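Q: First, the structure itself, so that you have it in front of you.
The values are calculated or read from the model by the stated rules, or taken from the named source; none is laboratory data. Bear in mind the structure is a predicted one, so any value in this text is a computation, not a measurement. Here the Cβ positions follow ideal geometry from the backbone for every residue, glycine too, while neighbour counts run over all protein chains shown.
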């Protein structure tokens, strides 16, 4: 299988960049805001536009997949090599809400280029990063003289990611056969920074629950009864306080069961990143780091599980005071999970632990939301190696390894399809996702095109479809 | 000094009970709801009515004392004995809100008698209990043949008790000379139950604070940052959890300093009360007792200090979930205090302790509300002995000793006037204070009249004014 010559790729991209950017700008003009019901027609229009554009770019199969919410776009371009690996690219065509008055310097749905940056809602998250695959695959064909990609290429571009992907898992389950893949490439993340290309190898999972604690049948007088009956707000506080020991480790028995611990090599790779803790703290708008003993900040957010209280409430919260023992209290907890942690096991462990935290006279109710699994691709996975090589050729720089602390629908793809997930993103932290003046760096966007142009050949050359 | 003959007192009361009850009913028809601004004219009318009625009952001095809120009524009937003790009776003429649709069987401001009970808002809390002093003092005079009371009798009946007595302390300070007393008799409490006359010897004090904990400058993403920065909701929970040890004792250093511990006799007297813990729990609408190890429920609510969380809040409390580390959290704490505890010392102790509970990166703010001191009159105090004897003669039963767990403006009288506070109440727990169908038992109301008729002579016979 031939490697794509770098110069041929660059020439092709140079020749087609203007049309590519015009097309992207046209897409960005469609305000496909999935969270706002009045934009539902725009989200459908965005799906139609993408399907048509993918067909125009050569994909023999393009389909609109409806959901009970916004539609997804599926496209497929099979290889003529029956043993070529099956690669599924994931992204989304819906965007966050945006309005000029939120602080945008130009209309959010009127793309403009200023100083090498394309400003528009969705420029980086995620239309730009979806779209670089279209020119990438054509550059791959042009530079190799192929008529079909070296891999069996599939795209699944959903329309509800910014609304929490409520129908995504069902969609993937419904179409599991069509989506079958040896690997999933998610292009909906960032690299380390403008100067540091990097590949993300995993994301944390998420388990969430709400715990309600019921004490007296109604608020009762803290003078008449205080000191002699259990207070559900105290019980809620003691439960939250008991989540962590003095080393900030989670105390729930079984919580750390089965965790894939960081290897020495991974810890060393994290430590090599140009990480500035002061700057990170500014991004976190926080005034100190705090976390599990024995781990760095990057390890804590990328590779260690957490127990966080996202909300707590009980009793009187208005101005002044009210001398009551509240009738009930509530805590919302979320647990970020890392590879090796099973959400069902975590739910069982949390329920068992929580039941033991409740004093006599307090009734407890726990509700769990559907969980998201963690994903992690080993550093030595051949597909990951291909991404690193392709990115290295495009950027002509060493490629670093990162992870993300958040959780996303990619885990459903890993789960349902049983395929490892790779994260190939060329966005950077300064791109302003979900914020005013979202942008994408044009130079990096074209590096994304170049990376995919190299990637498909590299994958096919070094890895075979395992039926 | 002559003792009032019991039969003469009873005869006088029997002869005047109809007019007494008619007058009380007239007063109860005035909806003197201090918490509702549109009833402000009614509260003023109530004060005017009472001042006029006290004059009609023989008080040579009656005055309306304005405050920035609702007015109080002051009345004075000096004794012809210059060494007679100075007795100040405290009560209030304002009432809780009430509306027929809240569940009343009759109009709350249309008093009706059914089965020996007078139903109306304020019947027990507190107009009935203020008013029994008027017939009581007249019965005292009639039965002893005196023209002035055996004690220097003063009444201070405030108009904002149901609104938290916001101007009461200032009023007492302003008129401290006029209010000078050897003892204060508060008639705004209950006795143990219908069959168990009792005297209350003290009430707990109250210190209240709000603690705000500030973490990130805004809510931040629990995926991106979770596990690596301090969470203010966790800090709030850990602070609340740290308030008590495993024996439910308050852990704040210095909190128990100077406490007047219960004597063996007091513990024995508490234990003699016909206390039914199951029934008490039903009143508390709670499902277990819980409190400081080594103390009974009655000891816990009457004679032990507490630290209760009245409210806690932080982060997302709406439906579903939100994966944030909240920017801030808040707890409202109240501390019930017992004799020997100084609110200023408690505030200092809480501030010092709280400052130590805060992790690096969290900023803490504490605000204290004005405190209320505890009050406690020793069992062997001569004025208390007089109340017990007077009540015993009226009820012809042994009189028990109780306390109340709540806190009230009586403490300001003790504080400013430097006089011990006694609690003489004939209401019972079933009277429904602040609830629909508030009532007073007519038989007990007349026992209240009879008690005061005996009390003034007993006080004067056994105790002298100490200038």
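Q: Can you tell which of B:12, B:90 is in contact with a strand residue (DSSP E or B) (Cβ under 7 Å, 6 or more places away or on another chain) and crowded, with 21+ Cβ neighbours inside 10 Å?
A: On the way: B:12 fails: in contact with a strand residue (DSSP E or B) (Cβ under 7 Å, 6 or more places away or on another chain).
Of B:12, B:90, the one residue that is in contact with a strand residue (DSSP E or B) (Cβ under 7 Å, 6 or more places away or on another chain) and crowded, with 21+ Cβ neighbours inside 10 Å is B:90.
Q: Here is a further query. Name the one entry in A:273, A:239 that is surrounded by fewer than 19 Cβ atoms within 10 Å (Cβ to Cβ) and more than 30 Å from residue A:65 (Cα to Cα). Steps first, answer last, please.
A: Numbers: A:239 fails: surrounded by fewer than 19 Cβ atoms within 10 Å (Cβ to Cβ).
On inspection, the qualifying residue turns out to be A:273.
Q: Further question: Which members of segment B:16-44 meet the condition of being free of Cβ contacts under 8 Å to residues at least 24 places away in the same chain and either under 15 Å from residue B:92 (Cβ atoms) or crowded, with 16+ Cβ neighbours inside 10 Å (or both)? If you could, list the steps in order and put the result at the bottom.
A: Filtering segment B:16-44 for residues free of Cβ contacts under 8 Å to residues at least 24 places away in the same chain gives B:18-19, B:22, B:26, B:37-39, B:41-42.
The answer is B:39, B:42.
Q: Given the criteria part of a loop (DSSP other than H, G, I, E, B), away from chain A (no Cβ under 14 Å) and either touching a helix residue (DSSP H, G or I) at 6+ places or on another chain (Cβ under 9 Å) or free of Cβ contacts under 8 Å to residues at least 12 places away in the same chain (or both), does residue B:181 qualify? Break it down into steps so the answer makes sense when it comes.
A: Numbers: part of a loop (DSSP other than H, G, I, E, B): yes; away from chain A (no Cβ under 14 Å): yes; either touching a helix residue (DSSP H, G or I) at 6+ places or on another chain (Cβ under 9 Å) or free of Cβ contacts under 8 Å to residues at least 12 places away in the same chain (or both): yes.
Spelling it out, residue B:181 is indeed part of a loop (DSSP other than H, G, I, E, B), away from chain A (no Cβ under 14 Å) and either touching a helix residue (DSSP H, G or I) at 6+ places or on another chain (Cβ under 9 Å) or free of Cβ contacts under 8 Å to residues at least 12 places away in the same chain (or both).
Q: Right, here's the next one. State all residues of segment B:189-199 that are within 13 Å of chain A (Cβ to nearest Cβ) and either farther than 29 Å from residue B:414 by Cα or outside any loop (DSSP other than H, G, I, E, B) (or both); if no residue qualifies, say none.
A: Let us first name the residues in segment B:189-199 that are within 13 Å of chain A (Cβ to nearest Cβ), namely B:189-190.
B:190, the sole residue that qualifies.
Q: For residues that are at the interface with chain A (Cβ under 7 Å from one of its Cβ atoms) and assigned to a helix (DSSP H, G or I), scanning just segment B:222-235, find the one that is surrounded by the most Cβ atoms within 10 Å (Cβ to Cβ). Full working, then the answer.
A: First, the residues of segment B:222-235 that are at the interface with chain A (Cβ under 7 Å from one of its Cβ atoms): B:222-231, B:233-234.
Right, trim to assigned to a helix (DSSP H, G or I) and you get B:233-234.
Working: B:233: 31, B:234: 28.
Top of the filtered list is B:233.
Q: Among the residues that make up segment B:316-329, is at least one of them away from chain A (no Cβ under 11 Å), over 28 Å from residue B:377 (Cβ atoms) and crowded, with 18+ Cβ neighbours inside 10 Å? Give the steps one after another, and end with the answer.
A: First, the residues of segment B:316-329 that are away from chain A (no Cβ under 11 Å): B:328.
Narrowing further to those that are over 28 Å from residue B:377 (Cβ atoms): B:328.
Cutting the leftovers down to crowded, with 18+ Cβ neighbours inside 10 Å gives us B:328.
Checked segment B:316-329: at least one residue is away from chain A (no Cβ under 11 Å), over 28 Å from residue B:377 (Cβ atoms) and crowded, with 18+ Cβ neighbours inside 10 Å.
Condition check ((1) closer than 23 Å to residue A:444 by Cβ; (2) surrounded by 19 or more Cβ atoms within 10 Å (Cβ to Cβ); (3) modelled with pLDDT under 95; (4) under 22 Å from the mean Cα position of the chain (by Cα)) across all residues:
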site: A:52; (1), (2), (3), (4): no, no, no, no
site: A:56; (1), (2), (3), (4): no, no, no, no
site: A:78; (1), (2), (3), (4): no, no, no, no
site: A:83; (1), (2), (3), (4): no, no, yes, no
site: A:139; (1), (2), (3), (4): yes, yes, no, no
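Q: Being closer than 14 Å to residue B:452 by Cβ and touching a strand residue (DSSP E or B) at 6+ places or on another chain (Cβ under 7 Å) is the filter here; which residues of segment B:142-157 pass it?
A: Answer for segment B:142-157, where residues must be closer than 14 Å to residue B:452 by Cβ and touching a strand residue (DSSP E or B) at 6+ places or on another chain (Cβ under 7 Å): B:149, B:151, B:153, B:154, B:155.
Q: Can you find a residue in segment B:208-219 that is at pLDDT below 95, crowded, with 23+ Cβ neighbours inside 10 Å and within 11 Å of chain A (Cβ to nearest Cβ)?
A: Checked segment B:208-219: no residue is at pLDDT below 95, crowded, with 23+ Cβ neighbours inside 10 Å and within 11 Å of chain A (Cβ to nearest Cβ).
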